[in-house]
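Visitor: Here it is, the structure, as structure tokens.
The values are calculated or read from the model by the stated rules, or taken from the named source; none is laboratory data. This structure is a prediction, so every number in the text was calculated from the model and none was measured. Note that each Cβ is placed from the backbone with ideal geometry, even for glycine, and that neighbours are counted across all protein chains shown. Remember, those area values only see protein heavy atoms, side chains included, never the ligands or the DNA or RNA. Shrake-Rupley method; radii C 1.70, N 1.55, O 1.52, S 1.80 Å.
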There are 2 protein chains.
Amino acid sequence: MDGASDGDRHDDPCSVLSDERQALVREVLARMVDKWGLWVLSELSEDGPLRFSRLLERVDRISQKSLTATLRQLERDGLVTRTMVAQVPIRVDYAATPLGRSLIDHVHPLWLWAIERLPDFVSARAIYDARTAEQQPS
Amino acid sequence: MDGASDGDRHDDPCSVLSDERQALVREVLARMVDKWGLWVLSELSEDGPLRFSRLLERVDRISQKSLTATLRQLERDGLVTRTMVAQVPIRVDYAATPLGRSLIDHVHPLWLWAIERLPDFVSARAIYDARTAEQQPS
DNA sequence: CTGTATCCTCTACGATACTG
DNA sequence: CAGTATCGTAGAGGATACAG
């Protein structure tokens with residue numbers, strides 16, 4: 001669909017992808033940092049298979065609804081597996097796939113970087129807020 | 001960086017942070033992959049300073065309102081700079097800061113990984129969708 | 001225990017119109 | 001040109017109740 005495409009843009013590997021592909025990459029990456037996705041995947045990647053109720057405890061303040069939705073998304077993208085154990089009461093185990101663990105491994109450096117740079121963000125915000133405050137004394 | 005753990009990937013640097021800090025890291029990282037933040041920062045990181053209207057063209061389908069909001073957030077977090085040129089008509093240049101470029105540099109490997117693994121995601125979805133379709137022929 | 005269904009709120013976002 | 005202000009819509013997500 002890119003009729004008069006943006007031509008030879010930059011050396012951005014993303015720009016060589018079709019809009020559809022770009023959207024997919026963006027979508028998958030988005031799940032990494034959305035409110036719960038990365039957290040849930042992280043728990044599963046660290047501590048073997050976990051049951052639904054365990055996850056509900058570990059991922060603090062997540063609702064049942066959101067946990068279910070998050071797990072469905074992660075499962076659909078091949079990042080986690082879902083295993084039902086037919087017993088009473090029923091039991092379901094979730095585990096990270098190799099692809100899921102790989103994702104976590106690739107996100108990790110980013111977390112480390114962000115934590116390392118945290119003081120920069122704090123001070124940047126302080127400066128910005130102070131400046132806007134004096135301009136808009138309400 | 002720090003003599004990073006010899007293969008112990010279960011080391012979760014996030015858990016040593018206070019809730020407040022965790023929230024901040026999460027917030028900053030979220031901005032990277034939210035609908036526009038990363039895209040805007042990416043454009044600025046690749047092609048020097050850009051004016052508001054240029055960004056509006058490059059980041060396809062973004063609205064004025066969203067672009068403004070995104071830029072404000074990025075500016076507040078110290079990822080971009082905003083420079084007003086007093087002339088008629090007025091002109092404003094946005095540019096990525098070193099911190100902003102650093103962020104992009106750290107996100108890049110993740111993009112490459114995602115693009116490389118794209119076939120995995122596509123097939124995973126196909127399998128999942130096929131299986132759920134046969135269960136719910138609706 | 002593991003979900004699904006419903007309601008409700010809050011926020012993000014686009015469209016549009018207006019200002020310096 | 002570079003925003004701000006207002007409106008309206010759509011989706012995310014919590015709370016709760018119910019089902020297999």
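Visitor: Using the 7 Å Cα-to-Cβ label point, sort the distances from residue B:128 to its equivalents in the other copies shortest first and give them in nm to one decimal.
Guide: So the distances to the same position in the other copies read 3.3 nm.
Visitor: With a 1.4 Å probe, how much accessible area is buried between chains A and B, both sides summed, in Å² to the nearest hundred?
Guide: Using a 1.4 Å probe, the pair buries roughly 5400 Å².
Visitor: Ranked from the most accessible area to the least, with a 1.4 Å probe and all protein chains present, what is the order of A:77, A:93?
Guide: Result of the area sort, largest leading: A:93, A:77.
Visitor: Taking the label point 7 Å from Cα in the Cβ direction, how far apart in nm is residue A:99 from each other copy of itself, listed shortest first?
Guide: 3.6
Visitor: Which residues, if any, in region B:108-130 have at least 30 Å² less accessible area in the whole protein complex than in the isolated chain, probe 1.4 Å?
Guide: The answer is B:108, B:110, B:111, B:113, B:114, B:115, B:118, B:121, B:124, B:125, B:128.
Visitor: Something else about it: Suppose R0 equals 35 Å. What FRET efficiency, 1/(1 + (r/R0)^6) with r the Cβ-Cβ distance, do residue A:129 and residue A:56 give to the nearest 0.05?
Guide: Using R0 = 35 Å, I get an efficiency of 0.45.
Visitor: Still on this structure, please answer the following. Compute the accessible area per residue over region A:15-135, keeping the other protein chains in place, probe 1.4 Å, unit Å².
Guide: 51
Visitor: Using a 1.4 Å probe and counting only protein heavy atoms, arrange A:108, B:106 so the residue with the most accessible area comes first.
Guide: B:106, A:108
Visitor: Continuing with this model, one more query. Compute the distance from the alpha-carbon center of region A:89-138 to that of region A:24-75, in whole Å.
Guide: If we compute the Cα centre of each part, the gap is 16 Å.
Visitor: Rounded to two decimals, what is Rg over Rh for region B:15-135 when you use alpha-carbon atoms and the Kirkwood radius?
Guide: Expressed as Rg/Rh, it is 1.10.
Visitor: While we're looking at this one, here's another question. Roughly how many percent of the accessible protein surface of region B:15-135 is carbon and sulfur, given a 1.4 Å probe and a whole-percent answer?
Guide: 54
Visitor: Still on this structure, I have one more. For an R0 of 45 angstrom, estimate the FRET efficiency from the Cβ-Cβ distance between residue A:86 and residue B:118 and round to the nearest 0.05.
Guide: The pair residue A:86/residue B:118 has a calculated efficiency of 0.80.
Visitor: Using a label position 7 Å from Cα in the Cα→Cβ direction, what is the ascending list of nm distances from residue A:27 to the same site in the other copies?
Guide: 3.0
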